[in-house]
1. Report yes if VAL76 is of a type in the set (A, V, I, L, M, F, W, C) and assigned to a helix (DSSP H, G or I), otherwise no.
2. Checking ALA238 against (1) open to solvent by 10 Å² or more (accessible area, probe 1.4 Å); (2) in a loop (DSSP other than H, G, I, E, B); (3) more than 16 Å from the ligand (Cβ to nearest atom), which single condition isn't satisfied?
3. List every residue pair whose Cβ atoms lie under 8 Å apart, where the two residues are 6 or more positions apart in sequence or sit on different chains, the first residue falls within the range 238-252 and is in contact (Cβ under 8 Å) with a residue 12 or more places away in the chain, and the second residue, located anywhere, is surrounded by 24 or more Cβ atoms within 10 Å (Cβ to Cβ) and of a type in the set (D, E, K, R).
4. Closer than 29 Å to GLN185 by Cβ and either touching a residue at least 40 places away in the same chain (Cβ under 8 Å) or not assigned by TED's automatic domain parsing to the domain that holds THR210 (or both): which single residue out of PRO109, PRO99 fits that description?
5. So in the range 192-206, with the set limited to residues that are within 15 Å of the ligand (Cβ to nearest atom) and open to solvent by less than 20 Å² (accessible area, probe 1.4 Å), which one is farthest from SER55 (Cα to Cα)?
6. Kindly provide the set of residues from the range 43-67 that are touching a residue at least 40 places away in the same chain (Cβ under 8 Å), within 13 Å of the ligand (Cβ to nearest atom) and out of contact with any helix residue (DSSP H, G or I) (no Cβ under 6 Å at 6 or more places or on another chain), ordered by number.
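The values are calculated or read from the model by the stated rules, or taken from the named source; none is laboratory data. Nothing here was measured: the structure is a model prediction, and the numbers come from that model. A quick note on method: Cβ atoms are made from the backbone with ideal geometry, for glycine too, and the neighbour counts reach across all protein chains shown. Quick note on the areas: whole protein, heavy atoms, side chains included, nothing else; ligands and nucleic acids left out. Shrake-Rupley method; radii C 1.70, N 1.55, O 1.52, S 1.80 Å.
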Amino acid sequence: MRVAVIDGRCMPGDEAKLSVFDRGFLFGDSAFETLRTYRREPFELDAHLERMGRSLEALAFPIAVPADALREDLHVALSTVDHGESWIRLYLSRGEGPPGLDPADAKEPSRVVLVDALRTPSVESYLRGVRVRCIETVRAADALASAKLTNYVASMLATREARRHGDDEALIVDRSGRVIEGATQNVFVVRPGGVLTTPPVDVGVLDGITRRIVLELARESRLRVELTAHTPAELCDAEEVFLTSSLRELVAVSHVDGVPLRSSPGPLTRTLHDAFRRRVGIPPVPYS
Ligand SMILES: Cc1ncc(COP(=O)(O)O)c(C=O)c1O
C-alpha cells in the first residue's frame with residue numbers, strides 16, 4: 001500500500017498529485033532523500049534531514065528544512081501503512097510558480113512524504129554480486145553533486161547504457177578518468193594489500209549515509225582506509241569492490257566492464273556487511 005502526505009494531508013499514493021507548475025517538475029528545483037525503516041523505524045532520519053538541509057542550501061532555498069513537519073508527516077504515513085518494512089522518500093520543492101527561472105516568483109515550498117513497501121536486493125544478488133559498467137559522463141549538477149537534487153538524467157542514461165551491455169549498474173567516471181560513485185550508490189574498493197578506499201566527497205559525490213557508517217565500521221575494525229578514487233583498470237585489478245546505499249546496504253561487485261573480479265563477495269565486503277547488519281539489528285546475509 002503506497003501512501004503520500006502532501007503538505008500535511010495524507011492520501012493513498014495513487015491519488016497524490018502535485019501541480020504542473022511545481023518547480024520541481026518544471027526545473028528540478030527540489031531536493032529529496034530516500035531512506036528505509038528497520039524494525040519499522042526510519043533509519044538515520046536525523047542524518048537524512050541534515051543532508052536535506054545541505055541540499056536546500058545548495059539550491060539557495062529561503063527556508064530551512066521543516067524537520068518537525070516532515071517527522072510528523074512520516075509518522076502519519078508509517079502509522080497508515082499495513083506492510084512490514086517501508087521505503088521512504090522525503091521531497092521538498094520550491095513550490096509552484098510561473099514558468100520563469102527566477103526563484104523569487106515561487107510561492108510556498110511543497111512538502112511530500114511517500115511511503116511504500118520496501119523492496120531490497122535478493123539474497124542471491126548479495127551472494128552473487130552485481131555486474132557494473134564504467135560510463136564516462138558529466139552530470140548536469142556536478143558542481144552540486146554533494147546535494148541530493150531531483151536531476152538524475154545523466155545517471156539514468158548511464159544506467160541505461162550499463163543495462164544495454166547486460167550489466168546491472170553504472171559506475172560514473174569523471175573527466176579525469178576516475179570512478180567516483182555509482183548512479184545511486186557510493187563505491188568502495190579494496191586494493192591489493194588490503195587498503196579500503198572510497199573517493200572523497202569533494203570529487204563531486206553524494207555524502208552517502210551508508211558510506212559514512214561503513215567508514216566508521218572500517219575504522220572500528222582498524223582497517224586501513226584511504227579516501228581516493230581509482231580508474232576502471234584499477235577496479236578490475238582490485239581485491240574487492242562493493243557499492244553502498246540506504247536501500248542496498250553493501251552489495252559486492254562481481255564484474256567490472258565484463259572482467260570478473262578476484263573475489264565477490266570478498267572477505268572485507270562480508271565482514272563489513274555483517275558489522276552493518278549488527279548495527280541495524282537484523283540477521284546477517286548467509287554469506288557462508
Ligand atoms: C548519487 C548517489 N550516490 C550515493 C548514494 C547512496 O547514499 P545513501 O547511502 O545515503 O543512500 C545515493 C543514494 O541514493 C545516490 O543517489
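1. On the way: of a type in the set (A, V, I, L, M, F, W, C): yes; assigned to a helix (DSSP H, G or I): yes.
In short, yes.
2. Unmet for ALA238, out of (1) open to solvent by 10 Å² or more (accessible area, probe 1.4 Å); (2) in a loop (DSSP other than H, G, I, E, B); (3) more than 16 Å from the ligand (Cβ to nearest atom): (1).
3. ALA252/GLU240
4. Values: PRO99 fails: closer than 29 Å to GLN185 by Cβ.
It is PRO109.
5. THR198
6. Once the filter is applied, which keeps residues that are touching a residue at least 40 places away in the same chain (Cβ under 8 Å), within 13 Å of the ligand (Cβ to nearest atom) and out of contact with any helix residue (DSSP H, G or I) (no Cβ under 6 Å at 6 or more places or on another chain), the range 43-67 yields PHE43, HIS48, ARG51, MET52, ARG54, SER55.
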